[in-house]
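**Student:** Could you have a look at this structure, given as structure tokens, before my questions?
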Number of protein chains: 2
Amino acid sequence: MTETQKLINDGNRAVDEMLAGIAAAHPHHVARLDHAPRAIIARHGPRPGKVAIVVGGGSGHEPTFLGYVGKGLADACAVGNVFASPPPQPAVDAAMAVHGGAGVLFLYGNYAGDVMNFDMASELLEMEGIEARTVLTTDDVASAPAGERDKRRGVAGNVFIFKAAGAAADLMMPLDEVVRVAHHANARTYTMGVALSACSLPQTRRPNFDLPAGQMEIGMGIHGEPGVRRGPLLPANAVADEMLDAILAEMKADPGDEVAVLVNSLGATPLMELYILNARVAERLAAAGLKVHVTLVGPYCTSLEMAGASITLMHLDDELKRLLDHPCDCAMFRAG
Amino acid sequence: MTETQKLINDGNRAVDEMLAGIAAAHPHHVARLDHAPRAIIARHGPRPGKVAIVVGGGSGHEPTFLGYVGKGLADACAVGNVFASPPPQPAVDAAMAVHGGAGVLFLYGNYAGDVMNFDMASELLEMEGIEARTVLTTDDVASAPAGERDKRRGVAGNVFIFKAAGAAADLMMPLDEVVRVAHHANARTYTMGVALSACSLPQTRRPNFDLPAGQMEIGMGIHGEPGVRRGPLLPANAVADEMLDAILAEMKADPGDEVAVLVNSLGATPLMELYILNARVAERLAAAGLKVHVTLVGPYCTSLEMAGASITLMHLDDELKRLLDHPCDCAMFRAG
């Protein structure tokens, strides 16, 4: 097996060098904390009386998570190593730097390592007298049955969930309300992915799993977690249908309902293929009588250079529509 | 050689299906002409008395070209097949649909097929009594010596050149002035790329050139045109240095001068690697006493799923700074 070609210097320094490049590229949007270089905070956004939203997780999913730090969205991000949870301290440092006296919401994908570390961060914050709450995102339909939603992983749907919660906080809602919005947004968000190739960690440059040529894996997670079905690569429309069928069966939307759509690249899959998928998504939603309020297409939640894509639908109501439309301004994401 | 895995239906329908997906995703920003489905026009932007800017070229470089259609940037785009120039008619149809009586600027990369087809479009427009001018982008440093700038190809620097010209037109400058701005922006824009892998056309799913594992090619074009040097893949900093050395040697900037930076993915290379490159770019520019006015990092001008990256510098002056800062609103690009 040959090494994956990467434009890096040293796999062990890749995350810190990336963060240096981000700080250099986006000085008007984000800053690194001098005493905590793995904590990224928003230049604008945090303010007295506002609930602080701190997101985070492993690196390698850029622009998730740190790309969603900015005014109207997340206030800070704790950055882990590639595909590895950050330890508690960057989360604590991030929260201490951005909290406005109205409490902190830790908002991140449901992975055991992240839960353990952010829970420790919460305890450390409570010792400082800062109220900390947690909402886990669990939008990955393939990762557990519908009856066990709280066992599911958080994937690309993070974008919509972070956006809704970020807007709620920006609108100065109190902590209880921001937590309610985040739970509500998560409960109405559904993602299915498909992998066409493995990716490889900067440290090893070796594929993190084996997917034979000509095969795809439906439902694979963003760290290569096993999916629900492996088989020959089908045409884009059939792949979109299989992912949409799973989502729509659970979403139980009525004709006339509105949705937000995200067609996401896992890394190497280019815009052309994503828009081909979206053509089918739009066709299927129209056939189901569903109205598309907004569509995002591009690399929003990636797995390094993995080839593949995911489709996310958020089942909207008036509140979620208003929150998605609320302005935000991040280095790597804008809306409104 | 195995087939490249792609999420497409039929290679021959890929471009049209992509355009259907774009129209479905971005109805507030762009529209397709009923009588010319390969012409994409901006919903907002075109207006009486305004110079119309029409860009275009082969598909497969998304978001180049059609992603830069929108208010404050290009008014329309003529869309070719993958890596193939559009014929004259979509360019004529696009121009007819968006011109405001103040003339049309065709603005696109310097490739023989594009020049031939857009020149025919210009003649057809002139027969309709519409003044049409052309500015070719020639930012690819590796594609011809400095003394033969007009032989160079246009690549990722398009983003800055389109932006400057689009702002000039949005500010209601007359055609002569918009042409002057486009030439000026092009003359001050320099790009160098590096390829780490081939890409493959949707029709064939076979790599369009052969690059052995462990090798890189500096200066390769965005359709796989031969570069200036092939050799073992070096660490990111050495690659960035080699590309920057070529750019800075030509740019002849003085300490204190300002630049715009674009670190661009050719497709499969993820944000982590781009930001690692940018950390080095920022370091080198600081060492040269140059000030970074704005940095863009991401997939802006791609070659389907090719792995690799390019670095673009635009040598700014007060006029170019003002034009880059001018607001714009495209489906796939915003500024200001």
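The values are calculated or read from the model by the stated rules, or taken from the named source; none is laboratory data. What you see is a predicted model; the values in this text were computed from it and never measured. So basically every Cβ, Gly included, is an ideal-geometry build from the backbone, and we count neighbours across all protein chains shown.
**Student:** Has the range B:25-35 got at least one residue that is closer than 23 Å to residue A:235 by Cα and either away from every other protein chain (no Cβ under 14 Å) or in contact with a Ser or Thr (Cβ under 7 Å, 6 or more places away or on another chain) (or both)? Please lay out each step first, then the result.
**Tutor:** Keep residues of the range B:25-35 that are closer than 23 Å to residue A:235 by Cα, which gives B:25.
So of that shortlist, the ones also either away from every other protein chain (no Cβ under 14 Å) or in contact with a Ser or Thr (Cβ under 7 Å, 6 or more places away or on another chain) (or both) come out as B:25.
Yes, there is a match, as at least one residue in the range B:25-35 is closer than 23 Å to residue A:235 by Cα and either away from every other protein chain (no Cβ under 14 Å) or in contact with a Ser or Thr (Cβ under 7 Å, 6 or more places away or on another chain) (or both).
**Student:** Which residue is surrounded by the fewest Cβ atoms within 10 Å (Cβ to Cβ), if the candidates are limited to the range B:190-217 and must be farther than 14 Å from residue B:306 by Cβ and among the hydrophobic types (A, V, I, L, M, F, W, C)?
**Tutor:** Across the range B:190-217, the extreme among qualifying residues is B:213.
**Student:** Considering only residues that are closer than 18 Å to residue A:8 by Cα, within 16 Å of the chain's Cα centre (by Cα) and more than 8 Å from chain A (Cβ to nearest Cβ), which ones fall in the range B:264-305?
**Tutor:** Step one: of the range B:264-305, the residues closer than 18 Å to residue A:8 by Cα are B:264-284, B:297-299.
Imposing the further condition that a residue be within 16 Å of the chain's Cα centre (by Cα) reduces the set to B:264-267, B:297-299.
Passing the criteria: B:264, B:265, B:266.
**Student:** Here are some conditions: (1) of a type in the set (A, V, I, L, M); (2) surrounded by 24 or more Cβ atoms within 10 Å (Cβ to Cβ); (3) in a loop (DSSP other than H, G, I, E, B). Residue A:172 meets all but one. Which one does it not meet?
**Tutor:** Against the list (1) of a type in the set (A, V, I, L, M); (2) surrounded by 24 or more Cβ atoms within 10 Å (Cβ to Cβ); (3) in a loop (DSSP other than H, G, I, E, B), residue A:172 comes up short only on (2).
**Student:** Any chance the range A:246-255 includes a residue that's crowded, with 22+ Cβ neighbours inside 10 Å, more than 22 Å from residue A:143 (Cβ to Cβ) and more than 20 Å from the chain's Cα centre (by Cα)?
**Tutor:** no
**Student:** Tally the residues that are within 25 Å of residue A:76 (Cα to Cα), away from every other protein chain (no Cβ under 14 Å) and out of contact with any helix residue (DSSP H, G or I) (no Cβ under 6 Å at 6 or more places or on another chain), restricting the search to the range A:306-336.
**Tutor:** 3
**Student:** Examine the range B:230-239 for a residue that is out of contact with any helix residue (DSSP H, G or I) (no Cβ under 7 Å at 6 or more places or on another chain), buried (at least 22 other Cβ atoms within 10 Å of the Cβ) and at the interface with chain A (Cβ under 8 Å from one of its Cβ atoms), and state whether such a residue exists. Outline the logic, then answer.
**Tutor:** From the range B:230-239, those out of contact with any helix residue (DSSP H, G or I) (no Cβ under 7 Å at 6 or more places or on another chain) are B:230-235, B:238-239; that's our starting set.
Still in the list and also buried (at least 22 other Cβ atoms within 10 Å of the Cβ): B:239.
Going one step further and asking which of them are at the interface with chain A (Cβ under 8 Å from one of its Cβ atoms), we end up with B:239.
Looking through the range B:230-239, at least one residue is out of contact with any helix residue (DSSP H, G or I) (no Cβ under 7 Å at 6 or more places or on another chain), buried (at least 22 other Cβ atoms within 10 Å of the Cβ) and at the interface with chain A (Cβ under 8 Å from one of its Cβ atoms).
**Student:** Considering (1) touching a residue at least 40 places away in the same chain (Cβ under 8 Å); (2) assigned to a strand (DSSP E or B), say which one residue A:37 fails and leave the rest.
**Tutor:** So the condition that residue A:37 fails would be (1).
**Student:** Shifting gears a bit: For the range A:92-130, which residues satisfy the criterion of being closer than 26 Å to residue A:188 by Cβ and in contact with a helix residue (DSSP H, G or I) (Cβ under 9 Å, 6 or more places away or on another chain)?
**Tutor:** Once the filter is applied, which keeps residues that are closer than 26 Å to residue A:188 by Cβ and in contact with a helix residue (DSSP H, G or I) (Cβ under 9 Å, 6 or more places away or on another chain), the range A:92-130 yields A:102, A:103, A:104, A:105, A:106, A:107, A:108, A:109, A:110, A:118, A:119, A:122.
**Student:** Which members of the range B:1-20 meet the condition of being in a helix (DSSP H, G or I) and farther than 18 Å from residue B:90 by Cβ?
**Tutor:** The one that is in a helix (DSSP H, G or I) and farther than 18 Å from residue B:90 by Cβ: B:11.
**Student:** Next question. Touching a Phe, Trp or Tyr at 6+ places or on another chain (Cβ under 9 Å) and among the β-branched types (Val, Ile, Thr): which single residue out of B:15, B:51, B:79, B:92 fits that description? Steps first, answer last, please.
**Tutor:** Numbers: B:15 fails: touching a Phe, Trp or Tyr at 6+ places or on another chain (Cβ under 9 Å); B:51 fails: touching a Phe, Trp or Tyr at 6+ places or on another chain (Cβ under 9 Å); B:92 fails: touching a Phe, Trp or Tyr at 6+ places or on another chain (Cβ under 9 Å).
None of the other options fit; the residue is B:79.
**Student:** Name the single residue, out of those in the range A:1-20 being at pLDDT below 95 and of a type in the set (Val, Ile, Thr), that is farthest from residue A:81 (Cα to Cα).
**Tutor:** Filtering the range A:1-20 for residues at pLDDT below 95 gives A:1-5.
Right, trim to of a type in the set (Val, Ile, Thr) and you get A:2, A:4.
On the way: A:2: 24, A:4: 19 Å.
Selected residue: A:2.
**Student:** I've got another one for you. Would you say residue B:290 is farther than 30 Å from residue B:4 by Cα, buried (at least 21 other Cβ atoms within 10 Å of the Cβ) and touching a Pro at 6+ places or on another chain (Cβ under 9 Å)?
**Tutor:** Details: farther than 30 Å from residue B:4 by Cα: yes; buried (at least 21 other Cβ atoms within 10 Å of the Cβ): yes; touching a Pro at 6+ places or on another chain (Cβ under 9 Å): yes.
The answer is yes for residue B:290.
**Student:** Being surrounded by fewer than 24 Cβ atoms within 10 Å (Cβ to Cβ), among the polar types (S, T, N, Q) and not assigned by the TED database to the domain that holds residue A:59 narrows it down to one residue among A:295, A:312; which is it?
**Tutor:** Details: A:312 fails: surrounded by fewer than 24 Cβ atoms within 10 Å (Cβ to Cβ).
It is A:295.
**Student:** Give the residue that is surrounded by the most Cβ atoms within 10 Å (Cβ to Cβ), with candidates limited to residues of the range A:1-36 that are under 26 Å from residue A:133 (Cβ atoms) and within 22 Å of the chain's Cα centre (by Cα). First the steps, then the outcome.
**Tutor:** So the first thing to find is which residues in the range A:1-36 are under 26 Å from residue A:133 (Cβ atoms), and the list is A:29-33, A:35-36.
From what's left, within 22 Å of the chain's Cα centre (by Cα): A:29-32.
On the way: A:29: 21, A:30: 24, A:31: 17, A:32: 17.
In this case the residue turns out to be A:30.
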